[in-house]
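Worksheet for the structure shown next.
Every number here is computed from the coordinates shown, using simple stated rules; none is lab data. Just so it is clear, the model here is predicted, and its values are computed rather than measured. Neighbour counts are summed over all protein chains in view; Cβ atoms, including those assigned to glycine, are modelled from backbone coordinates with ideal geometry.
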Amino acid sequence: MIPLTESSNVFLCGPVRSGKTYQLEQWLKALNRYVRFDYTGETRKLAGQNIEHIHTPRELLDRLEKNPYYFRIAYHPGKAVMEHYKWCQRAVWMLDTPRWIVIDEFHRVCPQRTVIDEDVEAALRLARHNLLGIIGASQRPQDVAKLFIDACLMCVVFRSQEENYLNACRGHWGSDVGDAVENLRPLVYRDTTGQVKQLQQCVIVTRDGQEPRVYDYATDSTITVTEFLEGKSHPHVTTEETCDYADEPDPLRTDMDPQGARDANVPDGTGIPDE
């Protein structure tokens, strides 16, 4: 398993069905203090993780005040995404224990543009001094502000062959990382049977002086990007197992299904106007 360091910024990046959501879920299973800003409604299909679902800032503040030492919270924003996010960040900021704020579709709150929201910028620069760790997940590195990526202690990048994606990888982490990302083994998952036919690889980039590494989910082992590009491989393992993860829900789900619609919209927060 890829280890996390407390009070650090972490970036997860990969296209649909790359494996990034699975990695995020594995981390969260081991954490006891986090607020997940769940714009996509991903947490609504999870079971057995004692996740509390919250929709308004007041409800979140009351819950954190009640017990600031243990909380696994999924916050579901309305249409005014940034307004909801600011209140979430402020609520979590007031605590004084190591904790995490986790953001799906991170480009919605920290997009790649000249000016980003001042609350977000302050958190990126100061969160680690406040014992707060930020985990941001997005489908493409070019959509997320460079300030966040530069502030991350660890970046986990999954395979893509999209030209702009690979160019962004080369720009952020070097040409070797871009070449490795292009040649990673992808996740192969069958919706109809719920089986994984092939486990994926990813590139891990850290700020601790280590060379970027290729992590293999099939063997729980790593090799350097240089070794990977020279043709060295991890031990080969063929995997076929039932799994309960994918980066997107069943594409045929509609409002008529018992699980609800795939966009998993939730009510807006009280007192926050729609955009």
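Exposure proxy check: MET1, MET82 ranked by fewest other beta carbons within 10 Å?
MET1, MET82
Using packing as a proxy for protection, rank 164-171, 151-158 so that the peptide with the highest average count of other Cβ atoms within 10 Å comes first.
Going from most to least packed, we get 151-158, 164-171.
Counting other beta carbons within 10 Å of each residue's own, what order do LYS20, LYS66, LYS232, LYS146 fall into, fewest first?
Lowest count first: LYS66, LYS232, LYS146, LYS20.
Work out how much length LYS66 to VAL188 would gain on full extension: take 0.36 nm times their residue separation and subtract the Cα-Cα distance, in nm to one decimal.
39.6 nm
Residues with amide H under 5 Å of PHE37's amide H, sequence separation 5 or more or different chain, H placed in the peptide plane at 1.01 Å from N; which?
TYR75, VAL102, ILE103, ASP104
Between GLN49 and ASP208, how high is the FRET efficiency from 1/(1 + (r/R0)^6) when r is the Cβ-Cβ distance and R₀ = 25 Å? Nearest 0.05.
0.25
With Cβ to Cβ distances under 15 Å as the rule, what net charge do the other residues near VAL214 carry (K, R +1; D, E -1)?
With Lys, Arg at +1 and Asp, Glu at -1, the net is -4.
For the stretch 133-138, take each phi angle, set θ = phi - 60°, evaluate the Karplus expression 6.51 cos²θ - 1.76 cosθ + 1.60, and give the result in whole Hz per residue in order, putting x for glycine and proline.
x, 10, 10, x, 10, 8
Scan around LEU12 for amide H atoms under 5 Å from its own, H built in the peptide plane at 1.01 Å from N, and keep only partners 5 or more places away or cross-chain.
Distant-sequence amide H within range of LEU12: GLY136, ALA137, SER138, VAL156.
Step through the residues of the stretch 66-73 one at a time and calculate ³J(HN,Hα) from phi using the Karplus curve (6.51 cos²θ - 1.76 cosθ + 1.60, θ = phi - 60°), rounding each to whole Hz and writing x for Gly and Pro.
Whole-Hz 3J(HN,Hα) from phi for the stretch 66-73: 5, 8, x, 9, 8, 7, 10, 10.
What is the percent of Cα-Cα separations in the stretch 6-165 that go past 29 Å?
11
Around VAL156, under 11 Å between beta carbons, what's the net of Lys plus Arg minus Asp minus Glu among the other residues?
Here the charged neighbours net out to +2.
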